[in-house]
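A quick write-up on the structure given underneath.
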Amino acid sequence: MANIFPRWTNWLPIKLLVCVAVVAASIVSGMAYYFTPKYTRVGYQPTQPVEFDHSLHVNQLGMDCRYCHSQVEKSAHSNIPATQTCMNCHTQIKAQSPKLEPVRQSWKTGQPVPWVRIHKAPDYVYFNHSAHVNRGISCVACHGHVNHMQVVWHDKPHSMGWCLECHRAPENHLRPLDQITNLDWEPPAGTSQRELGEKFVREWNINPPVSCSGCHR
Amino acid sequence: MKRVLQHPPAPAHGRTYWRSLGEYAKTPDFEEWLHREFPAGAAEWEQDPLSRRNFLRLMGASLALAGLGLGGCRRPEAHLVPFTQSPEWLISGKTMSFATAQPRRRGAVPLLATTFDGRPIKMEGNPLHPFSEGKSDNHAQASILDLYDPARRRHLTFQGKKADTSQLEAEIKRVRAEASASSGATLAVLADETCSPTRERLRAELLRQFPQATWAVYEPLAPGYDAEASTAAFGPGTQFRANLANASTILAADCDFLGSEDGDLADTRNFAAGRRIRKPGDKVNRLYVAEPRFSITGSMADHRLRLRAGEVGAFLLELGRQIRSLRGNAELNAALSSAPDLPLPHGVDAAWIRECAADLVTNAGRSVVLVGRRQPASVQALALAINSALGAIGNTLVVQPAFSAPAASIRDLAARLQAGAIKSLIILGGNPIYNAPTDLSFENLLASVPSSLHLSAQPNATSAKSSWFVPGTHYLEAWGDALSGDGSYVSIQPTIQPLWAGESQLEFLCRLTGQAKPIGPALIKETFAARTNQSGQKLEDAWNNLVREGFVPASSTSAAKSVNGAAVAALAAKIGDTAEASAGALEGVFVSSPAMDDGRYLNNGWLQEWPDPMTKLTWDNAILLSSTTAKALGLRNEIVKGILVADVVRATLAGQTVEAPVVIAPGHVDFAVSLPLGYGQDELGPVAKGSGFNAYRLRRTDADYLAPGLKLEKTGRTRQLAVTQEHQVMEGRDLVREAAVAEFNEDPGWVKKVGMDAHIPPNQSFYKSPKLDGEYQWAMVIDLSTCTGCNACVTACTAENNIPIVGKDQVMKGREMHWIRVDRYYTGEPEEPEAVAQPVACMQCENAPCETVCPVNATVHNEEGLNVMAYNRCIGTRYCANNCPYKVRRFNFFDYNQRALDKLYWGPVAPKGTEETIKLQKNPNVTVRMRGVMEKCTFCVQRIEEAKISARVKARDSANIRIPAGSLKTACQQACPADAIVFGDLKNEKEQVGQLRNLPQNYSLLEYLNVRPRLTYLGRVRNPNPAMPGARTSYLPSHGHGESHGSENGRGKTEGGH
């Protein structure tokens, strides 16, 4: 009796299995990458109603983050500056620049400038800026080098796993309080971030929450 | 390239923002989205919702836009909208507190309004004010919801149609001209009582301009009988109040001073302070209560006597005679000799009164007799005479200047209206059509007035019948002032612009007196300047101090130490006898509803769902009667699947009838019934609709409190009532533990003798205990000796934690969402029971049974001992609730925040979304939970985290990150007027909570389960007088520790049910 199945079918189950495995693995790994904030959020760079250039203001003019984001040390929320803040300078400097037309318009009409939101924690996450910037976490840890961005983009994933990485090992990010808004700060020569960080954890009693209630209420 | 942006919706101002969003049968999300993309098109949509062409055009265009650039793959674009000019002081994301006060008819309650981004979200007591000391009650807590009530009308109306301000301007001008011509004889003002000195000043100004105008004040629950007695005893312009700070023996005769009796926060606090017992030998006050219905004051009583309200006079006469024999004085002698010689009320044990009198006399100077303020003036006068004999005047009963000058009553006004003299009637607040005595037929009188005007924050029955309706302001919307209970001057500071075009009473009166509408606090400042007699910089400083701290302490206290014997005797002579009540002629008593007061809060969902402290009834009122009365009338209550099915009766009094369900209330006096007022106003809004019956319909001028001769007839119908606690017994589990003072002194560790605590074998948990190594270890202790069961904690928690209301239907299914509930247990005989209240919130068990069964780790333990819920992880299996021995977990069976309560079962067909105004109240630091999510008490974790963060922000680069002891309070603890709830960190020795947990009278519920609760209780200690007849002096199992396993304590019975 002749073989019902030709010889090549011997390998078919294994080939199929390998195929399925490869497809499944690529779906899983694809989702793990493309469906997570690492991909969906990082790099988000919307066009803002005003072409505000952070690198110009911070790097070239040497303004501190807190000139505009003035409540970051006091509140959970880091405020977007009021039109008034822009007009403090821009009534004098570049007072006629067409780029600033929306700002002048806002100042005249009282209608706020609708800045497009880039960083957004979900509603069930209660992030607090003041708890971080007052305890040695720089802006750069979560927002990247905004001082070098002409147009701000979303630099870090802001996923829960990413938050916990630092909450479990804060020594990797702590820095002296007077260097919080100096985004280009590096540990002084002769010390390492880890060394400094561990010292701060000890001396400042750094004890970030890692249980649910720390951020979810 | 991204497309150019349209402006996001305009910020919150103008009328369009407040419009009802479900109005056009589409979801708010959809509408908002339309607004953003096509502002012009959306407007067209509103005008013509049926235009198919517009719809298709809009949809087509938006779909095309959505397709461009695959915008849908990213999250939707959101905007950050800053201010154009930063408001002073405002730090967005931080709360601010403003001192203000809630006006009440018997003195304002000093409060702090917490605002977030400019909107008030929570009320707290003013901690600086000696009368409040940071405490508040259910009405103060819930009043914030009234501000955001969507049923408030947004515009002026004239004869039911929208009018504009120029028309009102013309009307005011016309009224003034008319009044000038008659020197005021044609003008009448009917006002509610606000205790506002500025209003008194404007009233004087109005009467100066129009000397013959009528100024009447009507408060259905403050008929002024106490003022009459006070005038007789202490002279005109006086009033009296209890001062329980040093009171050691209190007799309350039909006086619910801890609850509905315009309960002063100070009374509860002082009473609780005298009740607190920590170690053997501590002095404890003693409370005697004689009352018709079981009130929360009665539940705190050491000795309680069931007494009909009409017999209080006869009861006090006997008490007076007994006191006279022990410690008489001339005033009491005079009062007793002029009063009729009434016999002892039927069924009252003379020995009870004798021993009570002896105890009051023994503690003379520190004892007081309190009588309900709605009792006749003659009875109150007699009580004042008794108090003077007890040396209470000036000590436990203080006299102070009256808050407002005497005014005409609604009867006087009705007579003038009847005579046709009044051409214009201005009604400021109140709701006389609904709550005026029926014999005045106020509705007809109002219809006969050519021009009537009603100014009210909420439109009600009176607004509908007045020719003008002027939207009033909530107290958080306009400047005002008032006197607080102790006579201190409080400022009512607004925290938000009127949501709609509202006008305060003061602003309106200002216009009525021909002055310009005041700007800001100018009017109040003027009053303040006159009161303080200051000017210039001194006035500015004093004013700033007033606004910041909220009050100026009372300066003038009357030194009255004695009563005017002759005048009191003349009044006491009028004490009337009451006929013996029987099943055929019952004695009705119109009582105020603890939730609704006189009916003003009926459209407030929080208070509708707030269980009555004693009956545990929600969303309804019912006639209360005793089981003997019910048996005699053949009336029944039945509990069917947790629903109270009550017989409906027809109540008849002097030709008026009303149909109402009856609830059999343990401890109610026989052949008398209580008729709670305040319900049955369907016109107030969707929340009020269909709840309860209107007892005002039976109420007459001559029967405004007592209504003898009431008849109840069975109709054969029943009504389903939503009660939150159908079990009145503890099933032998010794949840509440009680002892007498003597037993406590003998063995402070008595709680361990009750129940099976002494038998628990060494227990080991099956599961691993979580690691509890956090920087704090949170715990709570509730002192059952001082908890009055007032339920203020429930409202405070509702406000703080965004707890939704679920409606009567859902409550009947047992789905109410309150995170803290107050269980009330009856003990003893069903006719003469005692009652105990026990607040129960999540126990935060160290070995939490709920955590082990959660399949998705949505409820886990944190290192600080909190059992935390991660809502966004919860998939709604409800295993945790099933495994919770305390039944404190609450499940969102529906999207209570998004769907209308009467359309819960419509599923996705029901319009989605909530009123914009209701959203404004929500606490932004607590997640608003959605359907399918479990929730429970968190020990106010948002406050804990906020405190921890504040401490860290303050610490900066130092190591001291500890929260200062006592600075962190949970919402329930902060509100508790009795200071019965203590919360704090066990690791901090300075915190009270650790000390209390170590007391021998500390116990936990269901200890044998070994779940190790973090919420524990201090056993309740009663202070019975052994000399009293029938005194229950032993509360502990008499047969030594053990065998009883609680049968002694859990022997209460359910009325009607089971």
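The values are calculated or read from the model by the stated rules, or taken from the named source; none is laboratory data. Owing to the predicted nature of the structure, the values given are computational and were not obtained by experimental measurement. Here the Cβ is made from the backbone with ideal geometry for all residues, glycine too, and neighbour counts use every protein chain on show.
Here are the numbers for this structure:
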item: B:Ile981 more than 18 Å from B:Ile805 (Cα to Cα), surrounded by fewer than 23 Cβ atoms within 10 Å (Cβ to Cβ) and hydrophobic (A, V, I, L, M, F, W, C); result: no
item: Residue tally, condition away from every other protein chain (no Cβ under 12 Å), under 34 Å from the mean Cα position of the chain (by Cα), assigned to a loop (DSSP other than H, G, I, E, B) and closer than 23 Å to B:Met780 by Cα, over the range B:842-880; result: 5
item: Filter result (free of Cβ contacts under 8 Å to residues at least 60 places away in the same chain and farther than 25 Å from B:Met780 by Cα) within the range B:921-947; result: B:Met930, B:Arg931, B:Gly932
item: Count of the range A:77-118 residues which are more than 7 Å from chain B (Cβ to nearest Cβ), touching a His at 6+ places or on another chain (Cβ under 6 Å) and not aliphatic (A, V, I, L, M); result: 1
item: Options B:Glu638, B:Glu609; residue that is surrounded by fewer than 21 Cβ atoms within 10 Å (Cβ to Cβ), of a type in the set (D, E, K, R), more than 18 Å from B:Asn694 (Cβ to Cβ) and in contact with a strand residue (DSSP E or B) (Cβ under 6 Å, 6 or more places away or on another chain); result: B:Glu638
item: Given (1) on the phi < 0 side of the Ramachandran plot; (2) exposed (fewer than 15 other Cβ atoms within 10 Å of the Cβ), number of the condition A:Tyr126 does not satisfy; result: (2)
item: Enumeration of residues in the range B:965-974 that are buried (at least 17 other Cβ atoms within 10 Å of the Cβ) and free of Cβ contacts under 8 Å to residues at least 60 places away in the same chain; result: B:Leu968, B:Lys969
item: Unmet requirement for B:Val794, which otherwise passes all of (1) assigned to a loop (DSSP other than H, G, I, E, B); (2) of a type outside the set (S, T, N, Q); (3) modelled with pLDDT of 90 or more; result: (1)
item: Among residues of the range A:124-137, those that are small (Gly, Ala, Ser) and either modelled with pLDDT of 95 or more or assigned to a helix (DSSP H, G or I) (or both), counted; result: 2
item: One residue from B:Ala573, B:Ala585, B:Ala595, B:Ala581 being modelled with pLDDT under 90 and surrounded by 22 or more Cβ atoms within 10 Å (Cβ to Cβ); result: B:Ala581
item: The range B:950-964 residues that are at the interface with chain A (Cβ under 8 Å from one of its Cβ atoms), paired with ones that are of a type in the set (Asp, Glu) (beta carbon under 7 Å, 6 or more apart); result: B:Ala959/A:Glu203
item: Some residue of the range B:885-893 being over 30 Å from B:Leu1009 (Cβ atoms) and either within 25 Å of the chain's Cα centre (by Cα) or outside any strand (DSSP E or B) (or both); result: no
item: Of all residues in the range B:612-622 being assigned to a loop (DSSP other than H, G, I, E, B) and of a type outside the set (D, E, K, R), the one that is surrounded by the most Cβ atoms within 10 Å (Cβ to Cβ); result: B:Asn621
item: Those residues of the range A:198-217 which are surrounded by 14 or more Cβ atoms within 10 Å (Cβ to Cβ) and over 20 Å from B:Val953 (Cβ atoms), in sequence order; result: A:Glu198, A:Ser211, A:Cys212, A:His216
item: Condition met for A:Ala121 (closer than 30 Å to B:Ala959 by Cβ, within 13 Å of chain B (Cβ to nearest Cβ) and at pLDDT below 90); result: yes
item: In the range B:105-118, residue nearest to the chain's Cα centre (by Cα) [restricted to those that are surrounded by fewer than 21 Cβ atoms within 10 Å (Cβ to Cβ) and within 28 Å of B:Lys919 (Cβ to Cβ)]; result: B:Thr114
item: Selection within the range A:46-64 - more than 12 Å from every other protein chain (Cβ to nearest Cβ), touching a residue at least 60 places away in the same chain (Cβ under 8 Å) and outside any helix (DSSP H, G or I); result: A:Glu51, A:Asp53, A:Asp64
item: Residue satisfying all of: in the range B:396-418; in contact with a strand residue (DSSP E or B) (Cβ under 8 Å, 6 or more places away or on another chain) and assigned to a loop (DSSP other than H, G, I, E, B); surrounded by the fewest Cβ atoms within 10 Å (Cβ to Cβ) among these; result: B:Ser409
item: Of residues in the range B:899-938 being within 14 Å of another protein chain (Cβ to nearest Cβ) and polar (S, T, N, Q), the one surrounded by the fewest Cβ atoms within 10 Å (Cβ to Cβ); result: B:Asn923
item: Any hit, the range A:82-103, residues being under 23 Å from A:Asp155 (Cβ atoms), touching a residue at least 24 places away in the same chain (Cβ under 8 Å) and not charged (D, E, K, R); result: no
item: Selected residue (criterion: farthest from the other protein chains (Cβ to nearest Cβ)) from residues of the range A:138-155 that are part of a loop (DSSP other than H, G, I, E, B) and of a type in the set (A, V, I, L, M); result: A:Met149
item: Subset of the range B:733-749 (residues that are among the aliphatic types (A, V, I, L, M), crowded, with 18+ Cβ neighbours inside 10 Å and modelled with pLDDT of 90 or more); result: B:Ala739, B:Ala740, B:Val741
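Per-residue answers, yes or no, for (1) closer than 17 Å to B:Asp670 by Cβ; (2) free of Cβ contacts under 8 Å to residues at least 12 places away in the same chain; (3) in a helix (DSSP H, G or I); (4) touching a Ser or Thr at 6+ places or on another chain (Cβ under 7 Å):
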position: B:Leu305; (1), (2), (3), (4): yes, no, no, no
position: B:Gln322; (1), (2), (3), (4): no, no, yes, no
position: B:Glu331; (1), (2), (3), (4): no, no, yes, yes
position: B:Ala334; (1), (2), (3), (4): no, no, yes, no
position: B:Pro340; (1), (2), (3), (4): no, no, no, no
position: B:Ile353; (1), (2), (3), (4): no, no, yes, no
position: B:Ala357; (1), (2), (3), (4): no, no, yes, no
position: B:Leu360; (1), (2), (3), (4): no, no, yes, yes
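Residue by residue, here is whether (1) part of a loop (DSSP other than H, G, I, E, B); (2) modelled with pLDDT under 90; (3) more than 25 Å from B:Ile250 (Cα to Cα) holds:
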| position | (1), (2), (3) |
| --- | --- |
| B:Lys969 | yes, no, yes |
| B:Leu996 | no, no, yes |
| B:Tyr1017 | no, no, yes |
| B:Pro1026 | yes, no, no |
| B:Ser1034 | yes, yes, no |
| B:His1045 | yes, yes, yes |
| B:Glu1048 | yes, yes, yes |
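Yes or no, residue by residue, for (1) free of Cβ contacts under 8 Å to residues at least 60 places away in the same chain; (2) part of a strand (DSSP E or B); (3) surrounded by 24 or more Cβ atoms within 10 Å (Cβ to Cβ); (4) in the same structural domain as B:Val1011 (by TED's automatic domain parsing):
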site: B:Glu731; (1), (2), (3), (4): no, no, no, no
site: B:Val751; (1), (2), (3), (4): no, no, yes, yes
site: B:Pro762; (1), (2), (3), (4): yes, no, no, yes
site: B:Tyr767; (1), (2), (3), (4): no, no, no, yes
site: B:Lys771; (1), (2), (3), (4): no, no, no, yes
site: B:Glu775; (1), (2), (3), (4): no, no, no, yes
site: B:Cys787; (1), (2), (3), (4): no, no, yes, yes
site: B:Cys790; (1), (2), (3), (4): no, no, yes, yes
